[in-house]
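J.: Structure incoming, see below.
The values are calculated or read from the model by the stated rules, or taken from the named source; none is laboratory data. Given the structure is predicted, the values throughout are model-derived calculations rather than measurements. Cβ atoms come from the backbone with ideal geometry, glycine included; neighbour counts cover every protein chain shown. Surface areas here come from the heavy atoms of the whole protein model, side chains and all, with no ligands, DNA or RNA. Shrake-Rupley method; radii C 1.70, N 1.55, O 1.52, S 1.80 Å.
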Amino acid sequence: MPRDAMRYLERLHNNLYNTVGDAVSRIAYIQSDWGPDEIVKRIVRFMYKACSDNELVRMPWEELCKEVVERGFQGYSAACSEMDWFYEIDLVPAFTQAAMELIGASGQHVHPPGVQEIVHAEYEDKLDRCMLDKAFWDVTSSVISDEKAAGKLRGALTKAYWPALDEVLNDGSLPREMLYGLDQASELRRVESFTRKWLDDALSRSWQALENVGETPSEELVMDMLKQLIAPFGTSNPFSCLPAALTEGLGRPPPDWAFIRTISRELIASMTGGQVGAPAAKKRKKGKKAGESAYQEEEDAEAGGGAFSGTGHPRCTSADDCIGNATSTLIRHLHNNKPGDTYCQPCWDSFCERNPTLKGVVEEG
């Protein structure tokens, strides 16, 4: 190995010990089977091994930063993810220092804040994925007693998750979102769309395996699973399996979110060949307060018994969830005084009851 390479690797190793040591000292209050020195030694070993590949110094610096975190996290998360301190320790400075050493050895000149920004984003993404895996494990083990069947459902939830998210994020609303932002109704519709696509795909993938061991999903099981997926570590922990990219504006759905019951019924009917009737009309709750959550549950009226029962308006943005009909007046939503989505009058009225500050104008023609 060239002397220069040996020199920077030695410097890298020493710097890792210092930065990881600082990180470990900040979580020393958390009980662990390993002492602080053992924790430092193990983390440094994984990170140093990941950074020792000469291929890294031939990469563009942005790719190098991502690869350092990707490689370093593999062994580290496998060995340490069950430790109580795993989600508390901050290794961003250590990974940033490692990336800066490699970038310097590559001859590239980059400002440290740019490196830290990429490293931080990658590190948080890896932590979120680890937490998501843990949540899937806990939830599936809770709702399915057969260990093998729970594993099938766990794998199905994982495989269906990212395609569903990609599909919802690429629904064509990005240009409007960039210009005007999304109103609460549109954000809620995306959360519901993701949940529907994700669970429909996951149940399709795992249904046979669950059925084979007598664990055929029921409406109650799906409802229980979804409630746990929304808050897998309890309501006091902010983490949710619903993507933050979709819930950032609305917040996490509450345990009594009406859609939990609706989608559970739809999915089971779909999987068993049953028919789900037209969406039930809504009884409007009186006395709603301004700013109330868009997730606020509405009570179902008897199917077909309300004034809004029908096939929906063909131009209403609520689409399949529209509670109006083809003769309903259309309202154009004004977001920051700029034209947004179009809704039928019944749907618009229901939104305004939940959020009286909404503005809109009658759509002519």
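J.: Rounded to the nearest 0.05, what FRET efficiency do residue 34 and residue 272 have when you use their Cβ-Cβ distance and R0 = 56 Å?
T.: Efficiency for this residue pair is about 0.70.
J.: Based on C-alpha coordinates, I'd like the Rg and Dmax of the range 194-247, in Å.
T.: Cα-based Rg and Dmax for the range 194-247 come out at 12.8, 36 Å.
J.: Greater than 25 Å separation of Cα atoms is the criterion. Which listed pairs, 49/148; 152/227; 66/148; 41/66, meet it? The partial results should precede the final answer.
T.: Details: 49/148 34 Å; 152/227 20 Å; 66/148 34 Å; 41/66 23 Å.
Table pairs above 25 Å Cα-Cα are 49/148; 66/148.
J.: Let me ask something else. Per residue and in Å³, how big is the convex hull formed by the alpha-carbon atoms of the range 59-141?
T.: So the per-residue hull volume is 86 Å³.
J.: Follow-up question, since we're still on this one. Looking at the range 1-128 from every direction and averaging, what is the projected area of its Cα convex hull in nm²?
T.: Over all viewing directions, the range 1-128 projects a mean Cα-hull area of 7.3 nm².
J.: Continuing with this model, one more query. With every protein chain in place, what's the accessible area of residue 335 (1.4 Å probe, Å², nearest 10)?
T.: Taking all protein chains as shown, residue 335 has close to 50 Å².
J.: What number results when the radius of gyration of the range 72-212, computed over Cα atoms, is divided by 2.2 N^0.38 Å?
T.: 1.36
J.: Hand me the chymotrypsin sites (Phe, Trp or Tyr not before Pro) from the range 66-171 located in a DSSP loop with no more than 16 other Cβ atoms within 10 Å, in residue order please. Write down the numbers at each step before the final one.
T.: Details: sites: 73, 76, 85, 86, 87, 95, 123, 136, 137, 161; in loops: 85, 86, 87.
Here the chymotrypsin sites (Phe, Trp or Tyr not before Pro) that fit, given the DSSP loop and packing criteria, are 87.
J.: Now for a different question. Provide the packing ranking of 51-59, 39-47, 232-240, i.e. peptides ordered by the mean count of other C-beta atoms within 10 Å per residue, highest first.
T.: 39-47, 51-59, 232-240
J.: If you don't mind, another one. Chymotrypsin sites (Phe, Trp or Tyr not before Pro), restricted to the range 310-361: which are DSSP loop and have at most 11 other Cβ atoms within 10 Å?
T.: none
J.: Still on this structure: How many times 2.2 N^0.38 Å is the alpha carbon radius of gyration of the range 1-73?
T.: My calculation over the Cα atoms of the range 1-73 gives 1.24.
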